[in-house]
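Notes for the one structure printed next.
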Protein chains: 2
Amino acid sequence: MLSTMQDDQLSLAHLLRHGVRMHGDSEVATWTGSGSRKTTFDRIGRRSAQLAHALRELGVTADQRVGTFMWNNAEHLECYLTIPAMGAVLHTLNIRLFPEQLVFVVNDAQDHVVVVDGSLLPLFARQLPEMTTVRHVIVTGGAAGALDAPSGVTVHSYDELLDGRPETFEWPEIEERSAAAMCYTSGTTGDPKGVVYSHRSIWLHSMQVCMTDSMRLTDADKALVIVPMFHAMSWGMPYAAFMVGTSMVLPDRFLQPGPIAEILAEEKPTFAGAVPTIWQGLLQHLDANPQDISHLREVVVGGSAAPPAMMHAFEERYDVPVLHAWGMTETSPLGSVARPPKAAKGEEAWRYRYTQGRFPASVRARLIDDNGDEVPWDGESVGELEVKGPWITGSYYGGADPDKFHDGWLRTGDVGKITPNGYLTLTDRAKDVIKSGGEWISSVDLENAVMAHPAVAEAAVIGVPDEKWDERPLVAVVVREGEQVTAEELRTFLADKVAKWQLPEHWTFVDEVPKTSVGKFDKKRLRAAHAEGKLDIAHF
Amino acid sequence: MLSTMQDDQLSLAHLLRHGVRMHGDSEVATWTGSGSRKTTFDRIGRRSAQLAHALRELGVTADQRVGTFMWNNAEHLECYLTIPAMGAVLHTLNIRLFPEQLVFVVNDAQDHVVVVDGSLLPLFARQLPEMTTVRHVIVTGGAAGALDAPSGVTVHSYDELLDGRPETFEWPEIEERSAAAMCYTSGTTGDPKGVVYSHRSIWLHSMQVCMTDSMRLTDADKALVIVPMFHAMSWGMPYAAFMVGTSMVLPDRFLQPGPIAEILAEEKPTFAGAVPTIWQGLLQHLDANPQDISHLREVVVGGSAAPPAMMHAFEERYDVPVLHAWGMTETSPLGSVARPPKAAKGEEAWRYRYTQGRFPASVRARLIDDNGDEVPWDGESVGELEVKGPWITGSYYGGADPDKFHDGWLRTGDVGKITPNGYLTLTDRAKDVIKSGGEWISSVDLENAVMAHPAVAEAAVIGVPDEKWDERPLVAVVVREGEQVTAEELRTFLADKVAKWQLPEHWTFVDEVPKTSVGKFDKKRLRAAHAEGKLDIAHF
């Protein structure tokens, strides 16, 4: 039996029109290094129409991909809204990709036009000759003249291109499952993989961001959007803001603690979102240069686990509650949010807040063990997290890496446990967990336990092959300068800290733990060193 | 270009599982006349599984319709969740329908099973012999034995039917556009018309109810759901509650001001929803029997216009903000919510709060004049409100009354104006507005202006045919007992209150204004009386 409801399509063209019409006076401030330049949703609506006319003229029809290589600013926001609303596909380019990765993603997506921040032009220009499908480069900030374009590529000034064009546009009707935007994940292995969001997925995700169990954005909020618009869609905040009229503050390229503190002082946002590193840096800055930031009713932290000490510092020293959330590019990214259950108070509430959080109704979750079976939500059993829902990726662009999907669910690559009432705690990456006799040992937990010893500077744990147990942990220890410690002493130190069957038998001392370009332990290199017999190991 | 997002279906089976698993300890209290009987989402989940097994056994497969003839209570909530989650269609029967209408809707929907409140059994039983498709009647509250069923109909006790059945159920996968629930509108003319909600429409509507621009329900709330579950899906509150874990208080049949006050004192809900009549009655009761109700963080009023004086009384005397909202059965019902814009303060904020409110992003609106053209949103131009969106009806069940739809938009039958920033004020019903020389005169505005005269008890205004202007207003006046007033005096009284061209030329004095069964002016009868020349009219 069919319903009698209208078959109305969720479309970002509606979102743009809605935000402009209902919340025309909501503001967008872009930081300039000294003060903000300001615009309104109404003006953004008119500029978006001009941009749409310009892009049509450059041959952007149907679902062509338009790249953006930009900081968080008003022009990027105009691209965010215009490109999907005209039926094309916004492709946000991560400015921190390795050069060959940047070339790969532009060519893979077949970007026809790329909008580039004037300040990022030198970085972009070096790879432009290798970008085979790009025909037009649009440069913001009046730096267009600085680009000596390869043959076949036309360079435009963003402002000049928009100037004088009509301030209304006939936004098309769009089928909600059409592509609206795409973003590549920058994995440590292999080529980046494309995630293609739909109008439907972005619409639903935007509603979720404004729901009470998530970020609770309102039209009375002013959101400081620190998390880059070139990474995981800036956590969906720009679209959510247009849904309810939230004013925005965009930091442009000023992401150091000093400028962020200045932006806070000047704009007094009520909400902000950023990764832990940003908050840690700001905290150190504020501790040295005290400033009232209690105008922030809440800040959200995601991207990697928020250290509890940092959460306490913001709340107790600065009266700013920190909301921990988990997600990834493949989950749009809102996956779970750590609002404690109503009954939890004091320490109990804090324990919930340290977790990665609870899943909203639209995100289903399960933990899967080595046999592909579900493990219970008992707060202890560990498995790989798999998720399902209308804003969760079901495949990668072009069908890359099909192993990341399991019966229609996304394998997150994260290992963790879930409480009976649905709170997730991640304990390790699936590729790093040590699989010992059918049980999983968290490499992260062992590392933290070893690093708690005063003589240990760093410790990295990997799984090494074992005839009886499949895998057993190997600990690579960097001893603190001027200290001394033996493997035996460390084993004794661990004895009352981890379960007996988890106690590592294999130990090695190294000068340093190999690191990736972003400073994480590079366990791949450690595994290779072990395989090649380059490590001097003590066995127990 | 297709997105890579999962094609995940929005389904009330997910909603039921989510609420039970994540918010198992959220409470549902049903008032008994003296105290509440309590249950939890967890227990409701187990009872829902039992109910699903029972309904399967009674032959409810695929999309059969299951009727409910019930007050707001835990059993009705179990039906709300179970019937759609098992893939069948919940058909809420309005207990206040005329007997012939009740028979019509049950037969039209082909209800196979009906769940009936024990206390409503006598009312239902009288019409049962005429319900041609009903095979099973399930009676709550242990009154099953009281029903002498017609041949071919089996009577069951709700509790006995569920007893001992498995507490888990394999909820099916459901296509999101499938019918989930249906509700008939009880128009004053013609047969009731069926509105069939989908899983998708209910899911999206539930998200909206929990968004910051709507009711903001959270898991810390306890919502007193006064608006009947047999009318406009109880404004979607039961489903929204399951989405975020809001505890509920259900008043069962105790809807008089005294019992409502008792429920407030006992349960201390934080939120409540009801029509203005309920709130007016409660206000009078509280003024006579003072009681602290400041535990209500907000109450929502809809169904008909909230009198400003009542809104002020609750806020200023009882510290309870009143949120005005507009909707109808055809709009699921959330259409607009009167949260003032962020910048409005004091009197200006109040003026916004008196309106029917602003449309959320998922609801598009337009005002259409007699020529089918859109009128501007200037806060003055008047037209019939038409709406479009994923939880708005696109047709009636069986294709009834196709004139209510216009190019895929729903014609609401309401006439009003919209401010540039999207706030709706309804001024009249489309069928009552007086169309004079291409301009529309609000019958309601004229009535209020005449009734402001101290000698007038009541006044009803209808349009009567006019050769030159098409229609002109006729005022039917009931003079207050012991008072005297002439039509000439009333015209003079109106002169500085309405535009000159709106001033009525036709006046009649009547003993009483004919009323409908629910106490509204019956203008149809007044028009008939005029057409038959039964009114004694003074012309100017």
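The values are calculated or read from the model by the stated rules, or taken from the named source; none is laboratory data. These figures come from a predicted structure and were not determined experimentally. A quick note on method: Cβ atoms are made from the backbone with ideal geometry, for glycine too, and the neighbour counts reach across all protein chains shown. All accessible areas refer to the heavy atoms of the entire protein, side chains included, with ligands and DNA or RNA removed. Shrake-Rupley method; radii C 1.70, N 1.55, O 1.52, S 1.80 Å.
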*Any idea which residue in the range A:428-462 is nearest to the other protein chains (Cβ to nearest Cβ), counting only those that are among the hydrophobic types (A, V, I, L, M, F, W, C) and open to solvent by 50 Å² or more (accessible area, probe 1.4 Å)?*
A:Val444
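When the residues of the range B:419-433 are filtered to those that are out of contact with any Ser or Thr (no Cβ under 7 Å at 6 or more places or on another chain) and either among the basic types (Lys, Arg) or outside any loop (DSSP other than H, G, I, E, B) (or both), which remaining residue is nearest to B:Gln208 (Cα to Cα)? Walk me through it before giving the result.
Taking the range B:419-433 as the starting set, the residues that turn out to be out of contact with any Ser or Thr (no Cβ under 7 Å at 6 or more places or on another chain) are B:419-422, B:426, B:429-431.
From what's left, either among the basic types (Lys, Arg) or outside any loop (DSSP other than H, G, I, E, B) (or both): B:426, B:429, B:431.
Details: B:Leu426: 22, B:Arg429: 27, B:Lys431: 31 Å.
Selected residue: B:Leu426.
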*Could you say whether any residue in the range A:464-476 is open to solvent by less than 40 Å² (accessible area, probe 1.4 Å) and either out of contact with any strand residue (DSSP E or B) (no Cβ under 8 Å at 6 or more places or on another chain) or farther than 29 Å from A:Glu386 by Cα (or both)?*
yes
*Could you give every pair whose Cβ atoms fall below 7 Å, whose first residue belongs to the range A:41-70 and is in contact (Cβ under 8 Å) with a residue 60 or more places away in the chain and farther than 25 Å from A:Gly194 by Cα, and whose second residue is open to solvent by 50 Å² or more (accessible area, probe 1.4 Å) and polar (S, T, N, Q), counting only separations of at least 6 or pairs across chains?*
A:Ala49/A:Thr168
*So which residues in the range B:388-405 are surrounded by fewer than 23 Cβ atoms within 10 Å (Cβ to Cβ), at the interface with chain A (Cβ under 7 Å from one of its Cβ atoms) and outside any loop (DSSP other than H, G, I, E, B)?*
B:Lys388, B:Tyr397
*So which residues in the range A:510-538 are β-branched (Val, Ile, Thr) and more than 28 Å from A:Phe98 (Cα to Cα)?*
A:Val510, A:Ile537
*State which residue is surrounded by the fewest Cβ atoms within 10 Å (Cβ to Cβ) when the search covers only the range A:46-72 and only residues that are within 14 Å of A:Asp159 (Cα to Cα) and among the polar types (S, T, N, Q).*
A:Gln50
*Identify, by number, the condition in (1) in contact with an Asp or Glu (Cβ under 7 Å, 6 or more places away or on another chain); (2) more than 13 Å from every other protein chain (Cβ to nearest Cβ); (3) over 25 Å from A:Lys520 (Cα atoms) that A:Asp373 doesn't meet.*
(1)
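If we keep just the residues of the range A:24-33 that are touching a residue at least 60 places away in the same chain (Cβ under 8 Å) and open to solvent by 20 Å² or more (accessible area, probe 1.4 Å), which is farthest from the other protein chains (Cβ to nearest Cβ)? Reasoning before the result, please.
We begin by selecting, within the range A:24-33, every residue touching a residue at least 60 places away in the same chain (Cβ under 8 Å); these are A:26-33.
Next, from what is left, pick out any that are open to solvent by 20 Å² or more (accessible area, probe 1.4 Å): A:27, A:32-33.
Details: A:Glu27: 10, A:Thr32: 25, A:Gly33: 28 Å.
Only one residue fits best here, namely A:Gly33.
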*From the residues in the range A:34-45 that are open to solvent by 40 Å² or more (accessible area, probe 1.4 Å) and not in a loop (DSSP other than H, G, I, E, B), which one is nearest to the other protein chains (Cβ to nearest Cβ)?*
A:Asp42
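Among B:Asn107, B:Asn94, which is on the phi < 0 side of the Ramachandran plot, more than 21 Å from the chain's Cα centre (by Cα) and surrounded by fewer than 24 Cβ atoms within 10 Å (Cβ to Cβ)? Walk me through how you get there before you give the answer.
Working: B:Asn94 fails: more than 21 Å from the chain's Cα centre (by Cα).
Every option except B:Asn107 fails the conditions.
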*How many residues does the range A:5-23 contain that are farther than 14 Å from B:Val387 by Cα, within 27 Å of the chain's Cα centre (by Cα) and within 7 Å of chain B (Cβ to nearest Cβ)?*
2
*Please list, ordered by first then second residue, the pairs with beta carbon atoms under 9 Å, 6 or more apart or interchain, first in the range A:219-242 and more than 22 Å from A:Thr185 (Cα to Cα), second among the basic types (Lys, Arg).*
A:Asp219/B:Arg339; A:Asp219/B:Lys342; A:Ala220/B:Lys342; A:Asp221/A:Arg297; A:Asp221/B:Lys342; A:Lys222/A:Lys268
*Please list, ordered by first then second residue, the pairs with beta carbon atoms under 7 Å, 6 or more apart or interchain, first in the range B:72-84 and closer than 14 Å to B:Val114 by Cβ, second in a helix (DSSP H, G or I).*
B:Glu75/B:Tyr158
*Select from the range B:201-231 the residues that are at the interface with chain A (Cβ under 7 Å from one of its Cβ atoms) and among the charged types (D, E, K, R) and write down the one among them that is farthest from B:Arg339 (Cα to Cα).*
B:Asp219
*Out of the range A:407-427, which residues are within 12 Å of chain B (Cβ to nearest Cβ) and on the phi < 0 side of the Ramachandran plot?*
A:Trp409, A:Leu410, A:Ile418, A:Thr419, A:Pro420, A:Asn421, A:Tyr423, A:Leu424
*Which of (1) small (Gly, Ala, Ser); (2) modelled with pLDDT of 95 or more; (3) outside any strand (DSSP E or B); (4) over 20 Å from A:Lys193 (Cβ atoms) is the odd one out, the single condition A:Gly416 does not satisfy?*
(3)
*Tell me which residues, restricted to the range A:141-151, are among the small types (Gly, Ala, Ser), in contact (Cβ under 8 Å) with a residue 24 or more places away in the chain and either outside the structural domain of A:Leu123 (by TED's automatic domain parsing) or part of a loop (DSSP other than H, G, I, E, B) (or both).*
A:Gly141, A:Gly142, A:Ala143
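Within the range B:173-199, track down each residue that is within 28 Å of B:Leu97 (Cα to Cα) and facing chain A (nearest Cβ under 10 Å). Even if it seems obvious, please write down each step before you answer.
Restricting attention to the range B:173-199, the residues satisfying the condition of being within 28 Å of B:Leu97 (Cα to Cα) are B:178-199.
Correct list: B:Ser178, B:Ala179, B:Ala180, B:Ala181, B:Met182, B:Lys193, B:Gly194, B:Val195, B:Val196, B:Tyr197, B:Ser198, B:His199.
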_Selection within the range A:354-379 - at pLDDT below 95 and touching a strand residue (DSSP E or B) at 6+ places or on another chain (Cβ under 6 Å)_ = A:Asp369
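With at pLDDT 95 or above and within 22 Å of the chain's Cα centre (by Cα) as the only criterion, which of A:Arg339, A:Arg351 stands out?
Working: A:Arg351 fails: within 22 Å of the chain's Cα centre (by Cα).
Only one candidate passes the filter, namely A:Arg339.
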*Quick one: count up the residues across the range B:211-226 that are within 18 Å of the chain's Cα centre (by Cα) and either under 17 Å from B:Val249 (Cβ atoms) or of a type in the set (A, V, I, L, M, F, W, C) (or both).*
5
